[in-house]
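Just below is one structure, and these are the notes that go with it.
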Amino acid sequence: MEQRITINAENTKGANAKKEAMRRLADWLMEPVDWLTDYYSRLIEEKLNRSQTLWLVNAQVALIAAVFPADISLMARAINMLWFGWALEKCREALHKQ
């Protein structure tokens, strides 16, 4: 008994095109992170990766959230300060992991 398998080439082309489009979109979205990675690497004179850069950005956002909003409750300020402390610890771990 003869068995035949038919592969539809159009479907594989469509899947590859989708993967390529998603890869290009991800690269485009990560361009600002790559720019910040280069900037931080020059600033601290160490080669950083994307993950370390994102931890640095997280610590900066946590600091801004903890310091700048003047009219938030004491509980919200305490939560933001805890976030900032956690972000600093994670940042230190990420930077010393190299």
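The values are calculated or read from the model by the stated rules, or taken from the named source; none is laboratory data. As the structure is a prediction and not an experimental result, all values here were calculated from the model. Every residue, glycine as well, gets a Cβ built from its backbone with ideal geometry; the counts of neighbours run over all protein chains shown. Surface areas here come from the heavy atoms of the whole protein model, side chains and all, with no ligands, DNA or RNA. Shrake-Rupley method; radii C 1.70, N 1.55, O 1.52, S 1.80 Å.
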Can you pull out every residue in region 17-36 that is without any contact (Cβ under 8 Å) to a residue 12 or more places away in the chain and among the hydrophobic types (A, V, I, L, M, F, W, C)? Ala17, Ala21, Met22, Leu25, Ala26, Trp28, Leu29, Trp35
One residue from Ala21, Ala9, Ala17 being farther than 30 Å from Ala94 by Cα and modelled with pLDDT of 90 or more: Ala21
Mind checking which residues of region 61-76 are of a type outside the set (Val, Ile, Thr) and assigned to a helix (DSSP H, G or I)? Ala62, Leu63, Ala65, Ala66, Leu74, Met75, Ala76
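Residue by residue, here is whether (1) open to solvent by 50 Å² or more (accessible area, probe 1.4 Å); (2) at pLDDT 90 or above; (3) within 24 Å of His96 (Cβ to Cβ) holds:
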position	(1), (2), (3)
Ala59	no, yes, yes
Leu63	yes, yes, yes
Asp71	yes, no, no
Ile79	yes, yes, no
Only one of Lys90, Lys47 is outside any helix (DSSP H, G or I) and basic (Lys, Arg), namely Lys47
Would you confirm whether any residue within region 29-36 is modelled with pLDDT under 90, farther than 23 Å from His96 by Cβ and surrounded by 12 or more Cβ atoms within 10 Å (Cβ to Cβ)? no
Here the residues within region 86-98 that are open to solvent by less than 100 Å² (accessible area, probe 1.4 Å) and closer than 14 Å to Val57 by Cα are Ala87, Leu88, Glu89, Lys90, Cys91, Ala94, Leu95
